[in-house]
Each structure stands twice: as C-alpha cells, then as structure tokens.
C-alpha cells in the first residue's frame, strides 16, 4: 500500500490501475463492459462508450442525436435502432437513405440471406441477387420495397417542398397503418424526428426517379429546410449528445448543429457528449475518421465533454452496448417532446 501511494505521488501517470478480467459463469453483458472499461485498447473504449451512453440517458436536460451510416439494416441491426427509438434511448435519428429503406424489405416479410464474399458476382447478377459483402438479397424483393416507397410518394403534394423529416414522418404514418413495423414507422409512433439529408442515395431515389420518368410525378425535397429544422431542435435543447454509427453525411449534419447555434444564438454550444463506433482512420483526413479532438477545433465537441471513439465494426459494438444498456437502464423518463415540430408536418 505504501509502495502504491509512493508511485502515485512520484509519477502522475500512474493514477488508475488496469484490472484484468476474471472469467465467471452467468456474468451479465453490462458487467462485462464495466470490466472492459478498466482494461485497454478498443475493449476499454467499448466499455467507456457504454458508460457514456448510460450517462446520457440519465442526464435530464439532454437531447440525444444518432447518426446512422454504413450498411447496417442489411446485417440484422435495424431492429436495435427501432428498439432505441421505441424506448427513447435516442431522440433524433439522422440516417443514410439506405438504412431506412433496406429495413423495410425485411419489415415487409422478405429476407436477407447469409452468403459469402467468395462468390462469382456475375452468377449472382444472372440470378438477380444483390450482394452486401457476405449478405445476399433478392433484387425482385428490393424492387417491391422501392415500389412501396413509390406508392407512398404518389400520395404527396407535388407542389409542396418537403424536408426529409416531413417526408419520413408521413411515410412512417403510411407504413404504420399498413402494419409494416420499420424504423420510420416506430419513429412516427414514438415522436422521434428522422432526417436523411442524402435520401436520394438509396431506394428512395430509385423509387422517385421511376415515378418521375414513368408517371411524370415529382416530389420536391428541400435540404436547406432539413438543416433549418434540425438546428431548431438544437436551439430548443438545453444540451446535446451525439452517437455515431459510422460517419459520413449523418455525422457532419449533426456536428454542424453546434456551429450553427453560434450564429443563431450568438454563442457556441458544443455537444456535451459524443460517441462514435467506426473503422475509419483519421490520417486520411475524411470526416468519418475525424477524431473528436479535431472536432473541438471547430467548436463541435466540448473540450470538457465525455468523448469516446471506439474503433470497432458497428455490427459488433452496437448489439453488445445496447444490450448492456437494456440491462442497466430500466426506463428513460426525461426524453424531450417534439410535438411542436411534428405537428407542423403537412
């Protein structure tokens, strides 16, 4: 004991002992992650990410934004996002168009299939099979999903400029009535705004281009309206926290809220918490791999905030962390109410 105290006094770097993990039967996921947070490398970061997300859920003055990128819905992850929405473990979702269309395929009763990346892709093409690394999908089922999006879009006013949030709110209502329990249907029921600033880069784009060329029916999406709406959420929030699955456009769309607030409110308000699960590296200079330290230079993240980047495939990290949260947090009782925004939908 005296020796340990001496080391602490003599060396400011020896402050927290690493604690090795003991194998025990019946150990919960949440307890394992707590123990991993006391180890090193990305196991430590995974454990710390769970801790920070739990802190966010217990913060009574926080709006939690999630950026959702990567091919996640095709790999069996979309029901996790639906659960997070239904339990208000996130408050606002910003997604690629792919992740909130490809979940619909399975929600319609179709399937993705375990395949292999070691396959003749020309043979897959002849069988009308689409490949996502080691996951297969039927092109014909994919087209049925796109046809459903087109069916919904035909109900909209061609003279009105929709934000993606308005479009997806109405689509969630449409799917909910049909009993298609997708991500946006759950968001509609739960009062969670969903944005997709790159919506056309997905089945939504294909569905709407078919309508435009075959039926001369068009829909107007206003991306600046998107940004205006999400910044208003930032203005109405006391504090903000962010969780990024991957990076891409959803990440920076959310990051820019903090910068915009300086112009809107006359003062900067960086995100108080930030978590990212990514496999992208910072040295290439891309936003997906940009560290939160770099984001501090822009005023996007707080230098005193709880910021954790875990370099891990999100198909590994997300199920583990969310199951740990489900064990540790019975209910979130302080989620913000966005009826003021949702009621403004056409």
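The values are calculated or read from the model by the stated rules, or taken from the named source; none is laboratory data. Not measured: the values here are computed from a predicted model. A quick note on method: Cβ atoms are made from the backbone with ideal geometry, for glycine too, and the neighbour counts reach across all protein chains shown.
How many residues does segment 106-131 contain that are surrounded by 12 or more Cβ atoms within 10 Å (Cβ to Cβ) and over 19 Å from the mean Cα position of the chain (by Cα)?
11
Only one of (1) buried (at least 17 other Cβ atoms within 10 Å of the Cβ); (2) out of contact with any strand residue (DSSP E or B) (no Cβ under 7 Å at 6 or more places or on another chain); (3) part of a helix (DSSP H, G or I) is not met by residue 212, so which one is it?
The single condition residue 212 does not satisfy is (1).
Looking at 151, 54, which one is surrounded by 15 or more Cβ atoms within 10 Å (Cβ to Cβ) and either out of contact with any helix residue (DSSP H, G or I) (no Cβ under 9 Å at 6 or more places or on another chain) or in a helix (DSSP H, G or I) (or both)?
Every option except 54 fails the conditions.
Residue 324: touching a helix residue (DSSP H, G or I) at 6+ places or on another chain (Cβ under 6 Å), touching a residue at least 40 places away in the same chain (Cβ under 8 Å) and crowded, with 17+ Cβ neighbours inside 10 Å, yes or no?
yes
Which one of these does residue 181 not meet: (1) in contact with a strand residue (DSSP E or B) (Cβ under 6 Å, 6 or more places away or on another chain); (2) part of a loop (DSSP other than H, G, I, E, B)?
Against the list (1) in contact with a strand residue (DSSP E or B) (Cβ under 6 Å, 6 or more places away or on another chain); (2) part of a loop (DSSP other than H, G, I, E, B), residue 181 comes up short only on (1).
Can you find, within segment 295-311, the residue that is surrounded by the most Cβ atoms within 10 Å (Cβ to Cβ) among those that are in contact (Cβ under 8 Å) with a residue 40 or more places away in the chain and part of a helix (DSSP H, G or I)?
295
Could you list, in sequence order, the residues of segment 184-209 that are assigned to a loop (DSSP other than H, G, I, E, B) and under 15 Å from residue 90 (Cα atoms)?
Matches in segment 184-209: 191, 192, 193.
Find the residue count for segment 267-287, including only residues that are in contact with a strand residue (DSSP E or B) (Cβ under 8 Å, 6 or more places away or on another chain) and either surrounded by 21 or more Cβ atoms within 10 Å (Cβ to Cβ) or more than 20 Å from residue 246 (Cβ to Cβ) (or both).
Of the residues in that region, 10 qualify.
Against the definition (surrounded by 13 or more Cβ atoms within 10 Å (Cβ to Cβ), in contact with a helix residue (DSSP H, G or I) (Cβ under 6 Å, 6 or more places away or on another chain), more than 30 Å from residue 329 (Cβ to Cβ) and touching a residue at least 12 places away in the same chain (Cβ under 8 Å)), how does residue 82 come out, yes or no?
no
Restricted to segment 245-262, and to residues that are within 22 Å of residue 334 (Cβ to Cβ) and modelled with pLDDT of 95 or more, which residue is farthest from the chain's Cα centre (by Cα)?
258
Modelled with pLDDT of 95 or more, on the phi > 0 side of the Ramachandran plot and not in a helix (DSSP H, G or I) - does that describe any residue in segment 264-281?
Looking for residues that are modelled with pLDDT of 95 or more, on the phi > 0 side of the Ramachandran plot and not in a helix (DSSP H, G or I), one finds none in segment 264-281, hence no.
Give just the number: which of (1) surrounded by fewer than 22 Cβ atoms within 10 Å (Cβ to Cβ); (2) more than 27 Å from residue 205 (Cα to Cα) does residue 63 not satisfy?
(1)
When you scan segment 221-236, do you find a residue that is touching a helix residue (DSSP H, G or I) at 6+ places or on another chain (Cβ under 7 Å), without any contact (Cβ under 8 Å) to a residue 40 or more places away in the chain and in a loop (DSSP other than H, G, I, E, B), even just one?
The answer is no, given that none of the residues of segment 221-236 is touching a helix residue (DSSP H, G or I) at 6+ places or on another chain (Cβ under 7 Å), without any contact (Cβ under 8 Å) to a residue 40 or more places away in the chain and in a loop (DSSP other than H, G, I, E, B).
Select from segment 96-130 the residues that are within 22 Å of residue 198 (Cβ to Cβ) and without any contact (Cβ under 8 Å) to a residue 24 or more places away in the chain and list them in ascending order.
Listed by number, the list holds a single entry, 130.
Let me confirm something: among 46, 93, which residue is touching a helix residue (DSSP H, G or I) at 6+ places or on another chain (Cβ under 7 Å), surrounded by 15 or more Cβ atoms within 10 Å (Cβ to Cβ), in contact (Cβ under 8 Å) with a residue 40 or more places away in the chain and not in a helix (DSSP H, G or I)?
Of 46, 93, the one residue that is touching a helix residue (DSSP H, G or I) at 6+ places or on another chain (Cβ under 7 Å), surrounded by 15 or more Cβ atoms within 10 Å (Cβ to Cβ), in contact (Cβ under 8 Å) with a residue 40 or more places away in the chain and not in a helix (DSSP H, G or I) is 93.
Name the one entry in 290, 258 that is in a helix (DSSP H, G or I) and touching a helix residue (DSSP H, G or I) at 6+ places or on another chain (Cβ under 9 Å).
None of the other options fit; the residue is 258.
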